[in-house]
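Report on the following structure.
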Amino acid sequence: MAGVGLGPLRAMGRQALLLLALCATGARGLYFHIGETEKRCFIEEIPDETMVIGNYRTQMWDKQKEVFLPSTPGLGMHVEVKDPDGKVVLSRQYGSEGRFTFTSHTPGDHQICLHSNSTRMALFAGGKLYREERFRLTSESTNQRVLWWSIAQTVILILTGIWQMRHLKSFFEAKKLV
């Protein structure tokens, strides 16, 4: 998403990323949501020979509880920075929380891109326990209903058998065959 400065971005996904970039012009913060396969890029004008330090934290959003979960193992991000000439200044995988730094050697618009390094398993690890619990409760409920249905069927079959035997006995007695 070229042309987006350091300002709040629209909520887009399940993973939140907090980034604080410190430049020679001062400290500015950026907070935005990013999905598992999404890539967020923004352009920042950086002077020559300026050290940029970015502090970040990635967190998982739990839809059911509507809260951010603590850091999930395996959840992190990939940072890629390109200078105005398109040369890669930084390209590296990071954990769920930490800091990245780079120094600009060319003045101008630098493109900073961030995306999740997680897999679907790591991304949904926070909600996995909730889904497993819900599935277990559903299974137990279904098993309970199946048990009661089979008991009801057995009682109905026994009652039907008793009724048929009494009916046949009275039929044969009426015909004087017994």
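The values are calculated or read from the model by the stated rules, or taken from the named source; none is laboratory data. All of these numbers come straight from a predicted model, not from anything done at the bench. All Cβ positions, glycine included, derive from the backbone under ideal geometry; neighbour counts span all protein chains shown. The area values use the complete protein model at the heavy-atom level, side chains included, leaving out ligands, DNA and RNA. Shrake-Rupley method; radii C 1.70, N 1.55, O 1.52, S 1.80 Å.
Things worth noting here:
- Filter result (under 19 Å from Asp109 (Cβ atoms) and aliphatic (A, V, I, L, M)) within segment 54-96: Val79, Val81, Val88, Val89, Leu90
- Test: residue in segment 119-137 that is at pLDDT 90 or above and either surrounded by 12 or more Cβ atoms within 10 Å (Cβ to Cβ) or of a type in the set (Gly, Ala, Ser) (or both): no
- Where a residue in segment 93-112 is open to solvent by 20 Å² or more (accessible area, probe 1.4 Å) and its partner, wherever it lies, is among the basic types (Lys, Arg), with Cβ under 6 Å and at least six apart: Glu97/Arg57; Gln111/Lys82
- Strands (runs of 3 or more DSSP E) fully within segment 17-113 that include at least 2 residues being at pLDDT 85 or above: 39-46, 51-62, 77-82, 88-94, 97-103.
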